[in-house]
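**Q** Below is the structure I would like to discuss, written out as structure tokens.
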Amino acid sequence: MLKIIILIMCIGIIGSSSNLVYSQEIGLSTFQESAQLIIDNKITNKTSASITLTSTNIQEITILSELEQKIRDNKRIQAIVLTNENDCVLGVTDQSCILINIERNPEDKGIFAIQDNTRIISDSYIDGINQMFDTDAKFFQVYIHTSAESNKVLDTSGIISGTGIISAVYTMPMEATDSMYEKISTMLVSKQIRDSGGFYNIARNLATEENAKMTFSIIPTESKTLSQLRVSVSNPTEIAMEKSQTDIKINPLQFFKIKDLNRSEYFSKGNYPLNSIFQIVILSNEDKTISNINGNIIPTQTIDGIEIPTEITKKGWVFDPKNGMQIQGKYIFGESTSINENELKFSLVGNNPQSNQIEFDESIVVVIIIAIVSIGAAIFYLKGYKK
């Protein structure tokens, strides 16, 4: 089973109370904030900076209780996604979208049966969804996902896109990201979180960028419902990775146009070192290695093939892996409330060049898929720490 499914299951376990406290009075909150930078020279040739707020507590990110129960009652509902991402699926242009993602019924034979039965289900939900989002989305089409290549590359579950998922697509006029973020966050994110600053404020500023896009996702899990508000900005990557011996300096926070990354004051009443995380993902067509790391490196142990920090009271990096064509790093705050840009700087050094270009189905919305990856950024360590 894919790592992301395990991580989401962990959320369900963790969500049995607002905070679970373990040894050393370290707590785990149902609310998570994560910042993610993806430098992609392999699939999209874009750099994406995003902020994601995630919760399994419907008092932190509000979902109408009747709608939540109705979504959970139908086990085929995999996700509800509201987005103003361009071309949310193939055929949609300059429209905001609501996607109701439904698992395909094996008994549906033929494309017309799939489309008809999917619409019957989705139409029974769209009024409640429109009410919650204060939208008036109208049916556009049923989109059948036929490729899972992007899920394999990004190690995602396929609940947003992938073979076996059918999207009922509803569209509405395109809305500017800053106004959409203000509207949705004011309606759905608790006032206490909004007043606590941190990553929420960074997302608010990010939403004003020219290429900013917003996605709100509702994902039912076995025991809880995961809600996720994400703002991202994507631009053509300016970091060249073709020259195998070039030392490339990376300053992650420059992509967010900030000098410091501050945690939410929502966590100030307890010790929650794992609920604010910075993540970087680097995809390259040739091997790279992390070097010249400015910040602290956290000692780790391997649990189920994942590098888990053995010291979480101190801030620092965990890179896993730290070399290859796909590098991932996560920076935890420890007991600190802020990280400055110098602590996050590092370099990329080329190894032996390789050619391993991946064919990608452009009809898949990569940014929305990556929204699911970012769940792992905030929950990544909880599994290992719980052990």
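Readers should treat all values here as calculations from the given coordinates under stated rules, not as data from a laboratory. Because the structure is a prediction, the values reported are computed rather than measured. Neighbour counts are summed over all protein chains in view; Cβ atoms, including those assigned to glycine, are modelled from backbone coordinates with ideal geometry.
**Q** For a 18 Å ceiling on Cα separation, which of these pairs sit above it: 42/257; 191/330; 109/138; 213/257?
**A** 42/257; 191/330; 109/138
**Q** Still on this model: Using Cβ counts within 10 Å as a stand-in for footprinting exposure, how do 208, 177, 54 rank, fewest first?
**A** Final ranking by Cβ density, sparse to dense: 208, 177, 54.
**Q** Relative to the present Cα-Cα distance, how much length would full extension add between residue 113 and residue 297 at 0.36 nm per residue of separation?
**A** Full-extension gain reported as 60.8 nm.
**Q** Now, a different point. Give me, ordered by chain and number, the residues 5 or more places off residue 175 or on other chains with an amide H under 5 Å from its own placed amide H.
**A** Here the answer is 96, since their amide H atoms fall under 5 Å of that of residue 175.
**Q** Sort 104, 76 so that the residue with the fewest other Cβ atoms within 10 Å of its own Cβ comes first and the one with the most comes last.
**A** Ordered by Cβ neighbours within 10 Å, fewest first: 76, 104.
**Q** So what's the net charge close to residue 325: Lys and Arg +1, Asp and Glu -1, counting the other residues with Cβ under 9 Å from its Cβ?
**A** 0
**Q** Is any residue of the range 72-94 close enough, with backbone N under 19 Å, to a label point placed 7 angstrom from the Cα of residue 235 along the Cα-Cβ axis, and if so, which?
**A** In the range 72-94, the label zone of residue 235 (backbone N under 19 Å from the point 7 Å along Cα→Cβ) covers 86.
**Q** List the GluC sites (Glu not before Pro) within the range 80-147 that DSSP assigns to loop and that have no more than 10 neighbouring Cβ atoms inside 10 Å.
**A** When the GluC sites (Glu not before Pro) of the range 80-147 are filtered for loop state and at most 10 Cβ neighbours within 10 Å, 107 remain.
**Q** Specify the inter-centroid distance of the range 282-306 and the range 50-96, based on alpha-carbon positions, in whole Å.
**A** Rounded to whole Å, the Cα centres lie 32 Å apart.
**Q** Could you work out how far apart the two model spin labels at residue 340 and residue 191 are, taking each label as a point 7 Å from the Cα in the direction of the beta carbon, and quote it in nm?
**A** If labels sit at residue 340 and residue 191, their model points lie 3.6 nm apart.
**Q** Can you sort 38, 111 by how many other beta carbons sit within 10 Å, fewest first?
**A** Ranked by crowding around the Cβ, least crowded first: 111, 38.
**Q** In nm, give the distance between the simple-model label positions of residue 349 and residue 121, each being 7 Å from the Cα along the Cα-to-Cβ direction.
**A** Here the modelled spin labels are 5.2 nm apart.
**Q** Can you compute 3J(HN,Hα) from phi for each residue in the range 300-313, using the Karplus curve 6.51 cos²θ - 1.76 cosθ + 1.60 with θ = phi - 60°, rounded to whole Hz and x for Gly and Pro?
**A** For the range 300-313, the Karplus-derived couplings read 10, 10, 8, 10, 6, x, 10, 7, 10, x, 8, 10, 10, 8 Hz, x marking Gly and Pro.
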